[in-house]
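This report concerns only the one structure given below.
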There are 2 protein chains.
Amino acid sequence: MAKHDSGGYRGAGLELLSKHGVSVGDSVKIATEDSETSGVLMPRYELASDDHIVVKLKSGYNIGIQVGRIKSITKLQKGEPATIAKAPEITEGKNLPKIALISTGGTIASKIDYRTGGVRAALSASELYASVPELATHASIDPEVLLSEYSENLKPEHWTMIAEKVAEKVRTGKYSGIVVSHGTDTMHYTAAALSFALQNLPIPVVLVGAQRSSDRPSSDAALNLLGATIFAIKSEYAGVFVAMHAGTSDDAVACHVGTRVRKNHTSRRDAFESIDVTPVALVRNGAVEMQEKSEIKLAKRRSDGNVDAKTKFDDRVALLKYHPGFDPKMIAHAAGAGYKAIILEGTGLGHVSKECFPALQKAVDAGVIVCMTSQCIWGRVRMTVYDTGRDLLGIGVIPLSDMISEAATVKAMWALANAKDAKKVMQESIANEISSSIPIEKA
Amino acid sequence: MAKHDSGGYRGAGLELLSKHGVSVGDSVKIATEDSETSGVLMPRYELASDDHIVVKLKSGYNIGIQVGRIKSITKLQKGEPATIAKAPEITEGKNLPKIALISTGGTIASKIDYRTGGVRAALSASELYASVPELATHASIDPEVLLSEYSENLKPEHWTMIAEKVAEKVRTGKYSGIVVSHGTDTMHYTAAALSFALQNLPIPVVLVGAQRSSDRPSSDAALNLLGATIFAIKSEYAGVFVAMHAGTSDDAVACHVGTRVRKNHTSRRDAFESIDVTPVALVRNGAVEMQEKSEIKLAKRRSDGNVDAKTKFDDRVALLKYHPGFDPKMIAHAAGAGYKAIILEGTGLGHVSKECFPALQKAVDAGVIVCMTSQCIWGRVRMTVYDTGRDLLGIGVIPLSDMISEAATVKAMWALANAKDAKKVMQESIANEISSSIPIEKA
């Protein structure tokens, strides 16, 4: 951190900081009419409004204070870059469990803009420890920058890259777990992709990101990264997970299984939710609390360094969301344009209008794999209940039970590239994407 | 109800009923090893398993009893069709508020299969009162069967029919409110359609349906219909609403504003949820409890019988959900195929990959209205935050704030058919579809 880093502040905020002679990294005491706050002056969050100063409290929690409310700023201690380099030295002597951290352009706690190019190519362990000092007490981290991309720009070929990089790290046998930092926009798609591509994993692979809202400058980046790392080290179970802020409290990180998680809010820190299942674990106070009531079946951690990697994806899959006024020609177009699979987001228990039947029949007859999910998001497709569902089954539409449409889209891309009988694979649960307690309807 | 109605029972259930000489409609006492239940024998629910007998308790709640557990069935009183006809006579002398009930093929409490043709063309008030006797104490109901269709088969032209029928009833000036029974699959789309098509309504128009799960024979049809009717009579506010089972308890119906509600579960009775706002009211114990914390602004009820009806829809609108591997050609296809508007369901704050930019630019340049919503469902699109969003704004993509994609799709169909400047209309909140407390970003 540069000594006189303006930290992204501008306007009234920057003026105030200059006036009081403080820079990002300094320990400060900020007084308003009714409060006094001590902590380290942080860079301005990209999503925060211009008129807030952000301070990191001793608890690790960041708060924003409105510029207009600030009566005085006192510098308690100058921020010294030298102090930042100390952490890794401490840890390296400790023989801590090793974690590989693969960065794809997502959230790293030391950045202002965690979403993008803000991730420096030379990201170092020391920078990490400086941002999240607690990390150094838990793990020895090997960071590697694989990609530096907004997650909405990630494509199936990036999933392949990430999967291969993870497999490479796993096979060294020297890591207790892998953490993959990722933009939140499509993190759940990548989590599903890794779940299918990397089967029989010996260790946990944990995706992590950060959400942040303009009205709450407090960031979840540090908490999430710490939670992901602790789960990666301490979990008795292997597999692909997403670790993000839990909904119920500000000190817990929820670990979701990679195929059953969805980003359900544009900005809230607890945006990621497990769908139809309980998150597999909470990480709180440095400990992993497995959630007994989760229906997810997990495999135990192993130490053999083996993984079945099938990392190719075929992106000729169309995801079509049905709605009244939906044009059946859209199905005809997808079938005619060379898509090998169509994932329908139907209504309710898995329906589309009868007007779509001829186009669907034509697609199925042409060898396109047509699957049904529900736009309700929660609950499961049940196509043996009503005429519409039974007709669709008769046409050859495959019901995907409680698989969410995002996971289904990814799975179809994976199955097309790796399975001899992709249609059959779509109906089997291979990575907890379908609840095992629910009988799968036959197409 | 026919005297010897098998009520949809078959197999072991039918055998048991025949053996004990009881028919649907009879008052019965059913004993199992550990319980004794008295009530009226109900028809078997379509979604219920074969091996349950359904009994309506005095409380109005229906329960299912497993055939295998039943030790004896005692007939307490024969069901008499004559008793059913009494209710309307009682009510007609009472000068109760008048409600028009328009059936579109959705749930009516007297049916086994509420979703479909089960709605008889000759649906009568007496049948209604027989099914939900409490209705007779609240309202004098004029039922009319307009449609008899699975809701997934309803199209924009049906919205026009329904809107015109509602407007006709409103203009008679004799109704306290209108109740529209509807299949649940697309009820929220129709609710949005009526919200845009029928502005400046003097009375409440309340859509109602029923969800039912195979493992819970207890139906929400009666509770929902009663709740919808009470809200239609007693609400101080006018507008379009959806009344369905509330999540928190089994005796409350939640009233959602028509543009902000979504079916969020395939089968649960509390599947319908207001998105980003609190439901406007709960109906409990025959009373309407307005929810103070709801952000929705409602107009007061009037007695003038006037309504601004603009009931046409143009279905040349494509709803496209973005995902990694999404093919920009899908946008080009939609633009080329004559769609006048494209509603994007982007990721996070409203993003699609940069690979889509050229196709989007071409669509915008060709005069297609391209709007952005978020597949997160909750939260709002914010496109001034990141490069991707700013680039999309630059291209001319219209950010729709917290409008849900379903309402946005319907609104685009309505705006294209009724507004001089559809693009401008998309950015204004005309039926609470955008939270008024949130500034709308400029495209």
Quiz item: When you go through (1) at pLDDT 95 or above; (2) over 25 Å from the mean Cα position of the chain (by Cα); (3) buried (at least 23 other Cβ atoms within 10 Å of the Cβ) one by one for B:Tyr386, which number turns out not to apply?
Solution: (1)
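Quick grid of which residues meet (1) surrounded by fewer than 24 Cβ atoms within 10 Å (Cβ to Cβ); (2) in the same structural domain as B:Leu194 (by TED's automatic domain parsing); (3) modelled with pLDDT under 95:
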site: B:Leu207; (1), (2), (3): no, yes, no
site: B:Gln211; (1), (2), (3): no, yes, yes
site: B:Ser214; (1), (2), (3): yes, yes, yes
site: B:Pro217; (1), (2), (3): yes, yes, yes
site: B:Lys234; (1), (2), (3): yes, yes, no
site: B:Thr259; (1), (2), (3): no, yes, no
site: B:Arg269; (1), (2), (3): yes, yes, yes
site: B:Ile275; (1), (2), (3): yes, yes, no
site: B:Glu289; (1), (2), (3): yes, yes, no
Quiz item: Any idea which of (1) more than 10 Å from every other protein chain (Cβ to nearest Cβ); (2) within 31 Å of the chain's Cα centre (by Cα); (3) not hydrophobic (A, V, I, L, M, F, W, C) is the one A:Gly379 doesn't satisfy?
Solution: (1)
Quiz prompt | Filter result for B:Thr373 (more than 9 Å from chain A (Cβ to nearest Cβ), under 30 Å from A:Ala341 (Cβ atoms) and outside any helix (DSSP H, G or I)) | solution = yes
Practice problem: Please enumerate the residues belonging to region B:259-271 that are of a type in the set (Val, Ile, Thr) and within 14 Å of chain A (Cβ to nearest Cβ). | Solution: B:Val261, B:Thr266
Exercise. Any chance you could count how many residues in region B:260-286 are among the small types (Gly, Ala, Ser) and over 13 Å from the mean Cα position of the chain (by Cα)?
Key: 3
Quiz item: Which one is farthest from the other protein chains (Cβ to nearest Cβ), of the residues in region A:176-188 that are hydroxyl-bearing (Ser, Thr, Tyr) and crowded, with 24+ Cβ neighbours inside 10 Å?
Solution: A:Ser181
Quiz item: If you scan region B:342-375, which residues turn out to be closer than 20 Å to A:His182 by Cβ and surrounded by fewer than 18 Cβ atoms within 10 Å (Cβ to Cβ)?
Solution: B:Lys354, B:Glu355
Practice problem: Give just the number: which of (1) surrounded by fewer than 19 Cβ atoms within 10 Å (Cβ to Cβ); (2) in a loop (DSSP other than H, G, I, E, B); (3) within 11 Å of chain A (Cβ to nearest Cβ) does B:Asp391 not satisfy? | Solution: (2)
Quiz prompt | Residue, modelled with the highest pLDDT, within region A:156-190, restricted to residues that are part of a loop (DSSP other than H, G, I, E, B) and within 15 Å of the chain's Cα centre (by Cα) | solution = A:Thr186
Quiz item: Only one of (1) more than 10 Å from every other protein chain (Cβ to nearest Cβ); (2) under 21 Å from B:His323 (Cα atoms) is not met by A:Gly396, so which one is it?
Solution: (2)
Quiz item: Where in region A:272-369 are there strands (runs of 3 or more DSSP E), lying wholly inside it, with at least 1 residues that are within 12 Å of chain B (Cβ to nearest Cβ) and in contact with a Leu (Cβ under 8 Å, 6 or more places away or on another chain)?
Solution: A:317-321, A:341-346
Quiz item: Of the residues in region B:125-155, how many are within 14 Å of chain A (Cβ to nearest Cβ), part of a helix (DSSP H, G or I) and hydroxyl-bearing (Ser, Thr, Tyr)?
Solution: 1
Quiz item: Would you pick out the residues in region A:143-181 that are in contact with a Leu (Cβ under 9 Å, 6 or more places away or on another chain) and free of Cβ contacts under 8 Å to residues at least 40 places away in the same chain?
Solution: A:Met161
Exercise. Considering every residue within region A:417-427, establish whether at least one is in a helix (DSSP H, G or I), closer than 26 Å to B:Lys155 by Cβ and not assigned by TED's automatic domain parsing to the domain that holds A:Phe196.
Key: no
Practice problem: Check A:Glu149 against each of (1) at pLDDT 90 or above; (2) touching a His at 6+ places or on another chain (Cβ under 9 Å) and name the one condition it does not meet. | Solution: (1)
Practice problem: Identify all residues within region B:239-257 that are touching a residue at least 60 places away in the same chain (Cβ under 8 Å) and surrounded by fewer than 22 Cβ atoms within 10 Å (Cβ to Cβ); write none if there are none. | Solution: B:Asp250
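The values are calculated or read from the model by the stated rules, or taken from the named source; none is laboratory data. Quick caveat: nothing in here was measured; it's all calculated off a predicted structure. Neighbour counts run over all protein chains shown; Cβ positions are idealised from the backbone, glycine included.
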